[in-house]
């Protein structure tokens, strides 16, 4: 038996030598695509699943893994469904372009499961999708991205296209502190999964009301093939998950780097937000690279509903409001005198509104009534098409500000500010916002905001009764005479005064580390969107519960977009003392 194994080893060695020389093996083992297929970073693979590798040291040595991959191709003893050619089709697809593999087929007949995978034959195109942030979940606040495989037999927007997502594998039960700590420090593993796009649409559009942008990739047939074969290899394989820099956005960018001969991931040692992928694609496009076929805005179901309501005339709106506010289970008699067109318009909206909010009995009654009327000839009012998200400010910024006492340097790795050029309309999400005061004597930390969140929730429909509160959260440190560590939260209401103007009223409560620990601040605010110019103003009165002292507080923040990368910034504040800062903000 030992003699047989020795002879077999010698035969395989000679056979491999005929296929590839030692120098060629060394060269290919360091090829950029091979390293990407193994997910090598800093000399080792980021895949922690030992079953992904053929060699025991394959996660540390790309050469040994390549050698094992070539040997395995000629191992006639493993002609089964689990043979390497079935498990690693992308490896062999790439390898076949550099070495001669006898009787090579992209998908072997013995790979029954791979042959059943319809994506290989029916894929028309591949898209990457950005999902806007969702403040209701800390893990989703910074946005999300995933891959969508568009199949040739499906029409546009077909919900049975396939989505490929990357996410942490969470235990059945966990606490929020556990979730945060494990997510930040790598306590979770993560994996890719494929599902119908329908699942993503339900979650993001219907339940969380998040807008999406679809970027259809400009790929050759060979690029699509490599993309899909590698997706097959990765399904279920485990990685170590880090919320800040090894997240869904990072993994989508890794996929893009595999098929595009461009560096998508510029910097991700400490932070990588999902939206950065799309800014990089735009940057590469601007230099003449054809990477994106088209960009499409996909409004959430909530935005579609709001636009639908705005398209109704005043009479139809009154009918709709009565139907919904009375919570009717049957259609009232007052409905009958209306024209067929008005009936159709009103019922179409009520059907859309009641779909997930009311009992099925009401939905059936409305549907039966609607079927009595002809198909409407006019189109339902649709949401305005939002611009490509990459037209807005990038999320990282560095600012140089001038004030009376000297220069200040501001920086944040992720800042969607309430007065910046973005689509948040007065909402805000900023983390690790740092301000350094630069003087002749020293450099001093004068502000550090761990997190700032604000949500201005306006009532878009007069009969809405849920989620009407506006709110904010602010945790950080500011220094005036001494350092003050604080946590502040507020709640209130907001109103859409005009298309470009919101007003709001909130009451903040705060806990401070310095004298006057407990404070409250009722305040009024105004947000103005003049396209390139955004202004945010608040006026409040802060009460110190320790001594009863009341202090007027004024804040005004404004940004004017000069170009894609720079804005002019004005920050004014009054709280015991007056402070004015003017400067330039660079988004990168």
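The values are calculated or read from the model by the stated rules, or taken from the named source; none is laboratory data. Computed from a predicted structure; not experimentally measured. We place every Cβ from the backbone using ideal geometry, glycine too, and count neighbours over all the protein chains shown.
Got a sec? Which helices (runs of 4 or more DSSP H) wholly within the range 139-251 have at least 1 residues that are loosely packed, with under 14 Cβ neighbours inside 10 Å and free of Cβ contacts under 8 Å to residues at least 24 places away in the same chain?
Correct list: 176-185, 221-234.
Any residue at all in the range 120-138 that is assigned to a loop (DSSP other than H, G, I, E, B), within 28 Å of the chain's Cα centre (by Cα), at positive phi and in the same structural domain as residue 192 (by TED's automatic domain parsing)?
Looking for residues that are assigned to a loop (DSSP other than H, G, I, E, B), within 28 Å of the chain's Cα centre (by Cα), at positive phi and in the same structural domain as residue 192 (by TED's automatic domain parsing), one finds none in the range 120-138, hence no.
Scan the range 283-298 residue by residue and report those that are in contact with a strand residue (DSSP E or B) (Cβ under 8 Å, 6 or more places away or on another chain) and in contact (Cβ under 8 Å) with a residue 40 or more places away in the chain.
Answer for the range 283-298, where residues must be in contact with a strand residue (DSSP E or B) (Cβ under 8 Å, 6 or more places away or on another chain) and in contact (Cβ under 8 Å) with a residue 40 or more places away in the chain: 291, 292, 293, 294, 295, 296, 297, 298.
Residues checked against (1) over 30 Å from residue 129 (Cβ atoms); (2) in contact with a helix residue (DSSP H, G or I) (Cβ under 6 Å, 6 or more places away or on another chain); (3) surrounded by fewer than 21 Cβ atoms within 10 Å (Cβ to Cβ):
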{"residue": "388", "(1), (2), (3)": "no, no, yes"}
{"residue": "400", "(1), (2), (3)": "yes, no, yes"}
{"residue": "404", "(1), (2), (3)": "yes, no, yes"}
{"residue": "420", "(1), (2), (3)": "no, no, no"}
{"residue": "426", "(1), (2), (3)": "no, no, no"}
{"residue": "436", "(1), (2), (3)": "yes, no, yes"}
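Considering the range 252-267 alone, what residues qualify as being buried (at least 17 other Cβ atoms within 10 Å of the Cβ), in contact with a helix residue (DSSP H, G or I) (Cβ under 6 Å, 6 or more places away or on another chain) and part of a loop (DSSP other than H, G, I, E, B)?
Correct list: 264, 265.
Inspect all residues belonging to the range 77-94 and state whether any of them is out of contact with any helix residue (DSSP H, G or I) (no Cβ under 9 Å at 6 or more places or on another chain) and more than 26 Å from residue 34 (Cβ to Cβ).
no
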